[in-house]
Amino acid sequence: MRAAQVQSKSFRAFLLGVADVVGEKAMPSILRQAQLTQYIDKYPPATAENAGHCQSYISQINQVLFDLYGVRGSRAILQRVGRVQAAAMMDQDAHVTSAVKLGLKLAPERFKVKLLLERAAQEIASRMNTTPQVFVDGQVYYYDDATCPYCIGWQNDLAVCFTVAGFLREVLFCLAGIENVTIEEILCRAKGDATCRFRITLSD
């Protein structure tokens, strides 16, 4: 079976996000440890093509960061990477971003959260070749991805998809100014769960 691939611009945004946080000088070593030397000083172009950039490459880099910086360090790094990825996505579709922000301006906060999580899921699905879903249970929102690329081939006692949490947080903040949000990964495929599931709650 052919390995699932991500769009060039999405993998580029991920690599640039890592480089922005850890520094360009650290990238060659990280890419070597992740067995991705083909990307040293040669990031993919910002195109929508799937040019052989496998989903598993993202997980390989995440595991290296986890090994190098530990749980706390990698959490901080990867959440920032997720925010950089989200910002890049919104910059690439600036006209759509502006329209969404304008359309949500007068909407109730909880409506904004649901709509933006669904929007984020759609974008991630198209760019990362995944199948995320959003559902609501009372006052709690859930983002669910049984094909999450951030933990492929990874076994850990902890939930490790910190990048997704950062991505979702940035979307909610940049498009609706929502900061009073807690995003927690309660299921993770790295732990042996069938899906990666994030619980999103708003504080008063």
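Sub-6 Å Cβ pairs linking a first residue in the range 182-196 that is farther than 11 Å from residue 156 by Cα to a second residue that is open to solvent by 30 Å² or more (accessible area, probe 1.4 Å) and polar (S, T, N, Q), at least 6 apart or interchain, are 182/201, ordered by first then second residue. For the range 136-156, the candidate set comprises residues that are under 10 Å from residue 188 (Cβ atoms) and either without any contact (Cβ under 8 Å) to a residue 12 or more places away in the chain or assigned to a loop (DSSP other than H, G, I, E, B) (or both); within that set, the residue that is most open to solvent (accessible area, probe 1.4 Å) is 156. For the range 31-43, check the following and say yes or no: at least one residue is surrounded by 12 or more Cβ atoms within 10 Å (Cβ to Cβ), in contact with a helix residue (DSSP H, G or I) (Cβ under 8 Å, 6 or more places away or on another chain), under 21 Å from residue 87 (Cα atoms) and modelled with pLDDT of 90 or more. Yes - at least one qualifying residue is present in the range 31-43. The number of residues in the range 166-188 being in contact with a strand residue (DSSP E or B) (Cβ under 6 Å, 6 or more places away or on another chain), closer than 22 Å to residue 13 by Cβ and among the acidic types (Asp, Glu) comes to 1. Does residue 64 count as part of a helix (DSSP H, G or I), surrounded by fewer than 18 Cβ atoms within 10 Å (Cβ to Cβ) and within 18 Å of the chain's Cα centre (by Cα)? Answer is no for this residue. Here residue 46 meets the list (1) buried (at least 20 other Cβ atoms within 10 Å of the Cβ); (2) not in a helix (DSSP H, G or I) almost entirely, failing just condition (1). Checking the stated criteria, residue 27 turns out to be among the aliphatic types (A, V, I, L, M) and farther than 17 Å from residue 145 by Cβ. Starting from residues that are open to solvent by 20 Å² or more (accessible area, probe 1.4 Å) and touching a strand residue (DSSP E or B) at 6+ places or on another chain (Cβ under 9 Å), keep the ones in the range 109-123 and report whichever is modelled with the lowest pLDDT. Across the range 109-123, the extreme among qualifying residues is 109.
For the structure I just gave you, tell me whether residue 167 is open to solvent by 30 Å² or more (accessible area, probe 1.4 Å), at negative phi and in contact with a helix residue (DSSP H, G or I) (Cβ under 9 Å, 6 or more places away or on another chain). The answer is no for residue 167. Screening the range 74-98 for residues that are open to solvent by less than 60 Å² (accessible area, probe 1.4 Å), over 17 Å from the mean Cα position of the chain (by Cα) and over 19 Å from residue 12 (Cα atoms) and picking the one that is modelled with the lowest pLDDT gives 96.
The values are calculated or read from the model by the stated rules, or taken from the named source; none is laboratory data. What you are looking at is a predicted structure, and each value in this text was computed from that prediction instead of being measured. When we count neighbours, we look across all protein chains shown, and the Cβ atoms used for this are built from the backbone with ideal geometry, even at glycine. Please note that ligands, DNA and RNA were not included when accessible areas were found on the heavy atoms of the full protein model with its side chains. Shrake-Rupley method; radii C 1.70, N 1.55, O 1.52, S 1.80 Å.
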